[in-house]
1. Output the 0 to 90 degree angle, nearest 10, between the alpha-carbon long axis of helix 18-28 and the longest principal axis computed from the alpha carbons of the chain.
2. What share of the DSSP beta bridges in the chain is antiparallel, in percent to the nearest 5?
3. Could you tell me the relative contact order of the chain? Use alpha-carbon pairs under 8 Å, at least six residues apart, and round to a whole percent.
4. Report the number of Lys pairs in the chain whose alpha-carbons are under 13 Å apart, with separation of 8 or more residues or on distinct chains.
5. Per DSSP H run of at least 4 residues, take -39500 (n - 2.57); add these up for the chain, divide by its residues and hand me the 222 nm value, nearest 500 deg cm²/dmol.
6. If you put +1 on each Lys and Arg Cβ and -1 on each Asp and Glu Cβ, how big is the dipole of the chain around its Cα centre, in Debye rounded to 20?
7. Of Met1, Ile31, Gln58, which is farthest along the charge dipole of the chain in the positive direction, counting Lys and Arg as +1 and Asp and Glu as -1 at C-beta?
Amino acid sequence: MKIVFNKDTKKIKDCFEFDLLIALATKSFDIKDGLKIGVNLRFFYMDEEFDIISIDSQDDLDQAREVSPLKLVIAGTSD
């Protein structure tokens, strides 16, 4: 699985748990300064129809894992 944040790409082991994915991404990219995945940052991926889909829960991650290869992007929320 690949994750992109601020033009930096990391390859991590496949992750099946949403909370663990957040922890791995936060550590891998050293995310701090008030930024937090699930609060003001979110995971996104592109599906087979080229739609941008957000991942906000375990169910969303389970559905995203059907896309192969899975590449996630961490981006700010518009809220």
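What follows is calculated from the coordinates using simple rules that are stated; it is not laboratory data. What you see is a predicted model; the values in this text were computed from it and never measured. Neighbour counts run over all protein chains shown; Cβ positions are idealised from the backbone, glycine included.
1. 50 degrees
2. Of those bridges, close to 75 percent are antiparallel.
3. 36 percent
4. Eligible lysine pairs with Cα atoms under 13 Å apart amount to 10.
5. Helices in the chain give a 222 nm mean residue ellipticity of -6500 deg cm²/dmol.
6. It works out to roughly 600 debye.
7. Of the candidates, Ile31 comes out farthest on the positive side.
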